[in-house]
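Working notes, structure below.
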Amino acid sequence: MSAESTPGPDIPGGTGTDGTRGRATGRRRRPRKRHKGLVIAAWTAAGVVVLGGTGAGYLYFKLNGNLKSVDIDQALGTDRPDKADNGSENILVLGSDTRAGGNRKLGGGTDDGSARSDTAMIVHLYKGHKKATVVSVPRDTLIDRPACTDTEGKEYPAARGVMFNSAYSTGGAACAVKTVESITHLRMDHYLEVDFAGFQKLVDDLGGVEITTTKAIDDPDSHLKLEAGTHRLDGEQALGLVRTRHGVGDGSDLGRIQLQQAFLKALVHRINDIGVFSHPKKLLDLAETATRTVTTDSDLGSVNRLASFANGLKGISPSHLHMVTMPVAYDPADPNRVLLQEKKADRIWKALAEDKPIPRSATEGNATGEAKGVVSSS
């Protein structure tokens, strides 16, 4: 069973197991209890900052003052993949598991001053920005992290066989971008990050998001308990859903990714259904939340730039938003880790570099998490 939506013969994204190391046999160990928060809201947050005709000076400066940005380009220098010349763009969307501030109560766990990229998504916008692919990168993937420099100028040596999400905890946004570019050989044109509290508030500002579950979900770690059926999730429940892993599928992070992908589609449906861009009051409420929630690269670090970028995303409907998972297989040496399937992943990166649909052959036969279909848009 594939983790991906399959809208046509070729889809933008995929997974596979063509490596020599297969899935471990026997019963999977229960993943460690970590109250990891996920923030998939950055993609949507970018889409709700458009000010429309309400651009009063006070509102502009208020929202502009909310934004936080980091200078990724300066930290990474010139040793990077070339920018695409076909009109497409790539955005790295991260959610960190920091417990600082209001996130401690929402995310659980201890505020030890560190954070990891709890969620990573590569969003590829095709030429014309009428369709997009989201490639989820499993946080438990073992990778070789390149040497990198953070935005404060501190240098970090390369490391072999480390978890993907350690890149962010090592050197922040710049090291996360450097690592993604080293894996994909794709230029990340922009960076977006958002937190627990912002995700919850965003869903509440939208009046909740409706989803349908085909099975009951009961995860004591994420504090989510839902019967099978249709539900209008408030922000707290939505946060619980996108953090759930033990209550569905095989209990892995891959199953949680499948829930995240399903919820993201439901979120886009909700935004389209309520006509956010034609309701100034609703739009401004969402813009206030989004600008307080999002950290961007410096190129998007103003309301004007972020609004212009977001305005270009309005034409992407749920049917033109395709979600896949980076090809991985369970590590036979440790079933709580996954291994990148490089040959199949390379087919994904090549297709995105050429702004083309991803061949189905790149999406079949991979570890999935076994939670596909548990959640869908209502």
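The values are calculated or read from the model by the stated rules, or taken from the named source; none is laboratory data. Owing to the predicted nature of the structure, the values given are computational and were not obtained by experimental measurement. Here the Cβ positions follow ideal geometry from the backbone for every residue, glycine too, while neighbour counts run over all protein chains shown. Please note that ligands, DNA and RNA were not included when accessible areas were found on the heavy atoms of the full protein model with its side chains. Shrake-Rupley method; radii C 1.70, N 1.55, O 1.52, S 1.80 Å.
Applying a DSSP loop filter and a limit of 11 other Cβ atoms within 10 Å to the GluC sites (Glu not before Pro) in the stretch 320-378 leaves Glu354. With Cα atoms as the point set, the radius of gyration and Dmax of the stretch 134-281 evaluate to 17.9, 51 Å. At 1.4 Å probe size, with the rest of the protein present, what percent of the exposed accessible area of the stretch 117-226 is carbon and sulfur atoms? In the stretch 117-226, the share of accessible area belonging to carbon and sulfur is 49 percent. Per residue, the accessible area of the stretch 323-378 comes to 37 Å², computed with a 1.4 Å probe over protein heavy atoms only. Compared with the alpha-carbon gap, the fully stretched path from Thr230 to His320 is longer by 30.0 nm at 0.36 nm per residue.
Expressed as a fraction of 2.2 N^0.38 Å, the C-alpha radius of gyration for the stretch 127-221 is 1.40. Here the Karplus relation 6.51 cos²θ - 1.76 cosθ + 1.60, evaluated at θ = phi - 60°, turns the backbone of the stretch 318-333 into coupling constants of x, 5, 10, 10, 10, 10, 9, 10, 3, x, 9, 10, 5, 6, x, 7 Hz, with x for every Gly and Pro. In the full protein context, the stretch 188-253 carries 35 Å² of accessible surface per residue, based on a 1.4 Å probe and ignoring ligands, DNA and RNA. With the full set of protein chains in place, find how many percent of the accessible area of the stretch 253-374 is carbon and sulfur; take the probe as 1.4 Å. Roughly 49 percent of what the probe reaches on the stretch 253-374 is carbon or sulfur. A Förster distance of 51 Å, applied to the separation of the beta-carbon atoms of Asp204 and Val162, puts the FRET efficiency at 0.90.
On the basis of the beta-carbon distance and an R0 of 51 Å, Glu152 and Lys130 show a calculated FRET efficiency of 0.85.
Shape analysis of the stretch 222-378 based on the Cα gyration tensor places the equivalent ellipsoid semi-axes at 30, 23, 15 Å, largest first.
Taking amide H as placed 1.01 Å from N in the peptide plane, the amide H of Val70 sits under 5 Å from that of Thr296, Asp297, Ser298, each at least 5 places away or on another chain. Ordering of 66-72, 137-143 by packing is 137-143, 66-72, highest average first (other Cβ atoms within 10 Å, averaged per residue).
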